[in-house]
Amino acid sequence: MKIALSLQNGIDLSGHPGQCSQFLIYSIEENKVASKQLLELDFENTLHTVFFNQSPPYRDHPLFECQIIISEPTGCGFVNKVKIKDIEAIQTLEKDPDRIISKYLDGSLELSEPIS
């Protein structure tokens, strides 16, 4: 399984995942982190650009290989757009990426509701 966390400063979780240019991608095997890598996107490859400048089915995108995208609370529009690609959008107020993954894997991550 692959989990992407939206970042803007390369350090902390951020909101607006559709406009984010940085994501930490965690590969999970047997409920443990097997690897993580930083994905950097240019403006043409942000999810906002992909979703609003194209019609379904959307072109291939590195984030479409992920099963989950975690961000600070985001709008329902983003949640519904990624659902089209069978990606679950999860929101939390936790900031530290490694802590988020650890808590997600052990079931203790506190979730937030999407912004309406």
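Out of (1) in a helix (DSSP H, G or I); (2) under 13 Å from the mean Cα position of the chain (by Cα); (3) surrounded by fewer than 14 Cβ atoms within 10 Å (Cβ to Cβ), the odd one out for LEU63 is which?
LEU63 satisfies every listed condition except (3).
Would segment 18-29 turn up any residue that is modelled with pLDDT of 95 or more, charged (D, E, K, R) and surrounded by 14 or more Cβ atoms within 10 Å (Cβ to Cβ)?
no
Condition (residue is over 23 Å from PRO114 (Cβ atoms) and touching a residue at least 24 places away in the same chain (Cβ under 8 Å)) applied to segment 38-60: is it met by at least one residue?
yes
Name every residue in segment 29-55 that is touching a helix residue (DSSP H, G or I) at 6+ places or on another chain (Cβ under 7 Å) and closer than 15 Å to GLU65 by Cα, in order of residue number.
Matches in segment 29-55: LEU39, LEU47.
With respect to LEU105, determine if the residue is buried (at least 20 other Cβ atoms within 10 Å of the Cβ), touching a residue at least 12 places away in the same chain (Cβ under 8 Å) and either part of a helix (DSSP H, G or I) or touching a helix residue (DSSP H, G or I) at 6+ places or on another chain (Cβ under 6 Å) (or both).
The answer is no for LEU105.
Could you list, ordered by first residue, the pairs with Cβ atoms under 9 Å in which the first is in segment 6-23 and among the aromatic types (Phe, Trp, Tyr) and the second is assigned to a loop (DSSP other than H, G, I, E, B), at least 6 apart or interchain?
Matching pairs, first to second residue: PHE23/PRO17; PHE23/LEU41; PHE23/CYS66.
When you check ILE100 against the structure, is it within 13 Å of ILE3 (Cα to Cα), hydrophobic (A, V, I, L, M, F, W, C) and either part of a loop (DSSP other than H, G, I, E, B) or touching a residue at least 60 places away in the same chain (Cβ under 8 Å) (or both), yes or no?
For ILE100, the condition - within 13 Å of ILE3 (Cα to Cα), hydrophobic (A, V, I, L, M, F, W, C) and either part of a loop (DSSP other than H, G, I, E, B) or touching a residue at least 60 places away in the same chain (Cβ under 8 Å) (or both) - is met.
For segment 67-84, name all the residues that are surrounded by fewer than 17 Cβ atoms within 10 Å (Cβ to Cβ), assigned to a helix (DSSP H, G or I) and under 10 Å from the mean Cα position of the chain (by Cα).
none
Can you pull out the residues in segment 1-11 that are surrounded by 15 or more Cβ atoms within 10 Å (Cβ to Cβ) and not aliphatic (A, V, I, L, M)?
The answer is LYS2, SER6, GLN8.
Taking the criterion of being in a helix (DSSP H, G or I) and either surrounded by 18 or more Cβ atoms within 10 Å (Cβ to Cβ) or under 15 Å from the mean Cα position of the chain (by Cα) (or both), would at least one residue in segment 30-47 satisfy it?
yes
The values are calculated or read from the model by the stated rules, or taken from the named source; none is laboratory data. Predicted model, so just to flag it, every value in this text is computed and none were measured. FYI the Cβ positions are ideal-geometry reconstructions off the backbone, even for glycines, and counts take in every protein chain you see.
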